[in-house]
Every structure is written in C-alpha cells, then in structure tokens.
Amino acid sequence: MLLEISAFLVLEKLILVAIILGISLFIAMYSTYAERKLAAFIQDRRGPNRAGIFGILQPLADGGKLFFKEEIIPEYANKFLFILGPAIFMITACMTSAVIPWGSTLHIFGKDISLQVADVNIGILYIFGVVSLGVYGIMVGGWASNNKYSLLGTIRAASQIISYELAMGLSLIALLMITGSLSLKDIVEQQSHGVWYIVYQPIGFLIFLVCAFAECNRTPFDLAECDSELVMGFHTEYSSMKLGFYLFAEYINMFISSAVMVTLYFGGYNFPGMHSLHVSPNTLTILGVIAFFVKIFIFLFFFIWVRWTVPRFRYDQLMKLGWKMLIPLAILNLLITGALMLYLHH
Amino acid sequence: MESLTNRSKPVDRRPMNLWEKIYLPAVIKGLGITLKHLFKKKATYNFPEQTRPFSPVFRGLHILNRDEEGRERCTACGLCAVACPAEAITMEAAERKPGEEHLYREEKYAARYEINMLRCIFCGFCEETCPKDAIYLTETFAPANYQRKGFIYGKEDLLIPFPEKENQPVTEKP
Ligand code: SF4
Ligand code: SF4
C-alpha cells in the first residue's frame with residue numbers, strides 16, 4: 001500500500017512544494033521591505049522610497065547587492081563548516097513549511113488535492129525537531145568563523161534557544177492535552193467547528209508567543225546578533241550571499257512561526273462564519289487560504305512592531321525570564337488545564 | 001551636589017515590583033506609543049526634490065564682497081584669520097600697484113585668500129569681525145567632494161563675480 005505512490009501524487013506534491021517555497025521566499029523578501037518601512041514610520045521617517053514607486057523594488061536591490069558583494073572567507077576559518085552553517089540555517093528554515101496546512105482541500109480534475117505537503121501525524125514534533133536543528137546552523141557558522149564575537153553570539157544563541165524551547169514545549173503540551181492530536185491538520189479541523197484555541201489557552205499562547213520571539217532571534221531577544229555589543233553576533237564574519245542566507249532565513253523563520261501560531265491558536269485557515277457561507281467548496285478553500293495569510297500578516301506586523309518598540313533584554317534578564325518565569329508559568333498552565341479537563345469530564 | 005539646570009531626574013533604583021516584573025504592561029504601553037508614531041507626520045524631507053527652508057540667520061559658505069564700483073573690499077588685515085576659532089583662514093597680502101585702483105579698494109589687498117571648509121565651523125566670527133564688510137556667510141553649503149583639497153576654497157571660489165555692466169548693482173547681503 002505504502003509503495004503505491006502514483007506519479008500524479010508525486011507531481012501534485014512537487015507543484016505544491018514549489019508554490020509554498022516560492023510563497024515563503026517571496027513573503028520573506030517583502031518582510032524585509034515591510035520591516036524597513038515600518039521601522040521608518042515608527043521613527044517618523046519615510047523609509048526606502050527610491051527603487052520603484054514607494055521603494056517597492058527595494059528587496060530586489062538588496063538581494064542584488066548581496067549577490068554581487070565580494071565573498072570573503074576568513075583565513076583561519078574552517079572553510080567547510082563556514083559554508084555549511086548558512087546552508088543548514090536556510091534549509092531548516094524552509095523545511096518547516098512542509099507540515100503546515102495552508103488550506104483545506106481543492107477539487108481539481110476530479111481529485112481532492114490537499115493544500116498541505118505532508119499530513120504527518122506528528123506534525124508539531126516535526127516542526128520542533130526541525131526548528132531545533134536550525135540552531136546548529138548558528139552554532140556551526142559561529143564556531144567556524146574563528147572570531148570571538150561570533151563565538152559569544154553563538155553561545156548566547158544556543159543557550160537562549162535551548163532555554164526557550166523548554167517553555168515553548170511545555171506551553172504546547174497543555175494545548176495538546178485539549179486537542180488530543182499532534183497532527184496540525186486535525187488541530188485546525190477541530191477549530192473549524194468549535195472556538196479557536198486561543199480562548200482555551202490564553203496563557204499558553206502568551207508563553208508560546210514570547211518563546212517564538214526568542215526562537216526567531218528577534219528583538220527583545222536578539223542577543224545572538226546584538227549589533228551594539230557583538231558587532232553582528234554569529235554572522236560577524238559572513239559576507240555576500242552567505243550573510244544574505246542568514247538574514248533571509250530569519251525572515252522565513254518569522255513567517256513560519258507566524259503560520260504555526262495561527263494554525264495552533266487562531267484557527268488556521270478557518271474564519272468566522274465560514275459554515276454559513278453558501279459558496280462552492282473550492283471557493284471556500286481559497287477564502288480560507290486568504291484568511292490564513294491575513295492572519296499571518298497580522299502576526300508578521302506584530303513581530304516587526306515589537307522589534308521597533310522594545311529594547312533588548314540583558315543576558316541575565318533573558319535567562320531569568322526563561323527559567324524563573326516562563327517555565328513555572330507553563331507548568332502551572334499545564335496543571336490548571338489538566339485539572340479543569342478532569343473537572344469538566346466528571 | 002547642586003545640579004546646574006535642576007532638570008536632572010534621579011534614577012529610581014528600587015527593585016521592580018510584580019507589576020513591573022511581568023514586563024507586559026510596560027510593553028503594551030510602549031506598543032501604544034509606537035503605534036501612534038506610525039501615523040504621525042514624517043519629519044524627513046525628500047532631499048534632492050525637496051529642500052529644507054533655512055532660518056534667516058543661516059550661516060553657509062562664505063563670499064568675498066565687492067564695493068559699489070566692483071572693487072574688492074578685503075584689505076588683508078588678517079582680523080578674520082585671528083578671530084577664526086577653527087583657524088580655517090589663510091591669506092597672503094600684496095600691495096596695490098598704480099593703475100589697479102579699479103580692482104582693489106584699499107592700498108593693500110589679499111593676493112591669496114583661502115578658507116578650508118573642512119575646518120570651518122561656520123560660526124560667522126569672520127563676518128562679524130571684518131572691518132571692511134568684505135566677508136559674508138551665504139545660504140548655500142559646501143557640496144561634497146572626492147578629495148580633501150577640494151574643500152580648500154580659494155579666492156576664485158569665494159569672490160563674487162565681477163559685475164559685467166557698470167549700472168548692474170552689486171548684490172550685497174543686507
Ligand atoms: S576679510 Fe575682512 S577681516 Fe578678513 S582680511 Fe579681509 S578685510 Fe580683514
Ligand atoms: S565662519 Fe568661523 S570658522 Fe569659518 S572661517 Fe569664519 S571665523 Fe573661521
């Protein structure tokens with residue numbers, strides 16, 4: 001049964017992978033533009049407005065610039081690892097999008113096409129696994145640079161991501177107790193008829209959100225980069241497109257974590273009143289995809305908005321927040337959720 | 001110690017209370033502030049298309065002035081160079097020859113007169129100190145240059161052009 005994979009299925013999945021990859025790259029590209037524009041607006045400036053109208057071609061110009069920059073590999077760097085670092089970071093950033101359900105099913109050519117590359121029954125575990133692989137991209141790159149600032153950035157990034165992954169996992173367990181499933185598709189479908197899980201898990205969501213900021217290395221937790229203290233943190237020695245990969249992958253990570261948060265807590269591709277709408281299933285699916293992306297954009301806006309508001313945490317504050325506040329809070333949330341579930345079942 | 005302006009605020013070093021320790025209220029307040037700024041009027045001027053209006057007392061590049069008959073006013077007294085806090089002015093004096101009365105107003109004139117615009121702080125002391133009303137600060141500023149020596153402005157850059165016609169009034173800054 002398992003070996004009966006038809007050529008059509010392979011083709012279908014390949015097209016879907018290409019589209020999703022393209023969309024994530026495109027959105028990551030324009031997040032850099034949004035980042036610069038919003039930063040400018042928040043600081044009462046205008047932002048990039050020279051390349052194309054409203055500077056709409058700015059990401060292309062930035063990309064082109066990075067592409068044609070001189071490629072510098074430090075003499076004492078480990079060449080193989082130095083190149084491997086950004087490669088791992090970029091690949092892991094792109095890999096997570098595979099299990100996210102971007103929409104329900106489309107009926108084309110008499111076939112049901114699921115808008116999810118792989119409905120793995122352990123979707124969440126897969127995402128966690130891949131995301132924690134991403135830290136190797138940072139570690140390998142920082143270590144291979146043979147530079148003390150890179151190394152310091154690396155150490156910070158590694159310890160930060162490890163500490164916040166704990167709280168993130170704990171906050172997630174409370175959610176999984178309610179859903180009873182690890183498959184992202186199931187979780188979204190459950191929210192289709194009931195309420196969104198943010199209602200059941202407000203504290204869990206808050207912890208998840210804070211941890212997502214830490215996982216993406218975004219301000220207020222951007223200690224790994226930390227421009228003002230560590231030059232550029234782990235990618236101090238990088239130039240040209242390898243630097244581009246690091247910067248770009250960060251935006252992809254931001255996009256994916258927005259997508260994960262929307263999927264887990266904000267109903268994924270569901271939107272209010274979708275069952276009272278009398279349209280064809282295909283239209284409904286497309287509307288759902290649009291709703292999903294609108295929610296993602298709101299999250300992306302939030303990521304950027306926070307970056308230009310909150311200053312960076314100090315290292316000890318970061319660790320205190322992670323270990324002494326978020327983890328106990330997550331455990332408390334877990335206990336309360338469990339107790340309530342037991343109480344309501346009896 | 002008594003502070004100079006009485007505007008300094010003492011730093012609050014009390015340990016944070018619980019409300020402050022959960023950070024979120026402060027973060028939300030900050031988000032509100034930045035959201036307000038999102039819609040504020042932008043302070044930027046789109047430079048090449050849009051220039052910023054200068055204040056009436058703006059002090060820019062210098063000019064060396066001529067008198068009503070088009071003769072150079074500067075007598076190379078060197079007072080501007082002495083007054084200059086940045087030591088940006090250098091000059092060499094020369095004596096007026098007979099027959100040059102239509103060129104220089106006084107018997108002594110500046111054969112070489114240079115201002116280093118990289119040193120100059122545009123304080124305007126040279127303008128204030130000049131007894132002959134010869135030097136003025138205008139409303140333009142020094143354009144960018146590729147080399148340092150491009151910022152040393154000689155007499156040919158500073159002196160306002162010789163009036164072509166007799167009846168054309170010499171522009172003089174009020
Ligand atoms: S500019 Fe005025 S102060 Fe300076 S040397 Fe000439 S006359 Fe004297
Ligand atoms: S403006 Fe001030 S600094 Fe500049 S040349 Fe005149 S006196 Fe010197």
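The values are calculated or read from the model by the stated rules, or taken from the named source; none is laboratory data. In this text, all values refer to a predicted model and were calculated from it rather than measured experimentally. Neighbour counts are summed over all protein chains in view; Cβ atoms, including those assigned to glycine, are modelled from backbone coordinates with ideal geometry. In case anyone asks, the SASA skips ligands and DNA or RNA and just uses the protein heavy atoms, side chains included. Shrake-Rupley method; radii C 1.70, N 1.55, O 1.52, S 1.80 Å.
Table for the structure above
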item	result
For B:ILE135, residues with placed amide H under 5 Å, excluding near neighbours	B:ASN65
Long-range Cα-Cα pairs in the range A:196-346 (distance over 27 Å), rounded percent	39 percent
At least 40 Å² accessible surface lost relative to isolated chain, residues of the range A:23-43 (1.4 Å probe)	A:PHE41, A:ILE42
Cβ-based net charge around A:PRO328, under 14 Å, with every Lys or Arg adding one and every Asp or Glu removing one	+3
Karplus-derived 3J(HN,Hα), 6.51/-1.76/1.60, for each residue of the range B:118-131, Hz, glycine and proline x	6, 7, 4, 10, 6, 7, x, 5, 4, 5, 5, 7, 5, x
Largest-first principal axis extents, alpha carbons of chain B, Å	89, 46, 33
Exposure ranking of B:TYR23, A:TYR76, A:TYR197, A:TYR315 by accessible area [1.4 Å probe, largest first]	A:TYR76, A:TYR315, B:TYR23, A:TYR197
Probe 1.4 Å - accessible area at A:TRP308, Å² to nearest ten	80 Å²
Rounded percent of accessible protein surface that carbon and sulfur make up, chain A, 1.4 Å probe	74 percent
Two-decimal log10 I(q)/I(0) for the range B:62-158, as the Debye equation yields it once each C-alpha is a single scatterer, q = 0.23 Å⁻¹	-1.23
Debye equation applied to the C-alpha atoms of the range A:1-137, log10 I(q)/I(0) at 0.13, 0.14, 0.16, 0.19 Å⁻¹	-0.86, -0.94, -1.07, -1.18
Exposure rank, largest accessible area first [A:VAL117, A:VAL279; 1.4 Å]	A:VAL279, A:VAL117
Largest-first ellipsoid semi-axes for the protein assembly as shown, taking √(5λ) over the Cα gyration tensor eigenvalues, angstrom	65, 27, 24
Candidates A:TYR149, A:TYR200, A:TYR251, ranked by Gaussian network fluctuation over chain A, Cα under 10 Å, top entry	A:TYR200
Kirkwood Rh in Å, taken over all unlike Cα pairs in the range A:130-196	14.3 Å
Mean shadow area of the range B:26-81, taken as a quarter of the surface of its Cα convex hull (nm²)	9.1 nm²
Computed over the range B:7-102, the ratio Rg/Rh where both radii use C-alpha atoms and Rh is Kirkwood	1.36
Interchain or long-range residues, amide H under 5 Å from A:ILE113's placed H	A:LEU106, A:HIS107, A:ILE108
Where A meets B: accessible area buried, both sides, 1.4 Å probe, Å²	1600 Å²
Long-range HN-HN contacts of B:ALA93 with modeled amide H, under 5 Å	B:ALA111
Carbon plus sulfur fraction of accessible area for chain B, probe 1.4 Å, in percent	57 percent
Accessible surface, 1.4 Å probe, highest first, among residues B:THR129, A:THR92	B:THR129, A:THR92
Computed FRET value (nearest 0.05) for A:SER132 with B:ALA43, which takes r as the C-beta separation and R₀ as 41 Å	0.40
Estimated 222 nm signal from helices in the protein assembly as shown, with DSSP H stretches of n ≥ 4 weighted -39500 (n - 2.57), rounded to 500	-16500 deg cm²/dmol
Residues A:ILE108 and A:MET177, FRET efficiency given R0 of 41 Å [Cβ-Cβ distance, rounded to 0.05]	0.65
Drop in accessible area of at least 30 Å² in the complex versus isolated chain, residues of the range B:39-80, 1.4 Å probe	B:LYS42, B:THR44, B:ASN46
The range B:105-113 - phi-based ³J(HN,Hα) in whole Hz, Karplus 6.51/-1.76/1.60, Gly and Pro as x	6, 9, 6, 10, 9, 8, 6, 10, 9
Relative contact order for the range B:62-158, counting Cα pairs under 8 Å that sit 6 or more residues apart, in percent	35 percent
Mean shadow area of the range A:255-343 over all directions, Cα convex hull, nm²	8.7 nm²
Per residue value of the accessible surface for the range B:62-158 (all protein chains in place, 1.4 Å probe), Å²	57 Å²
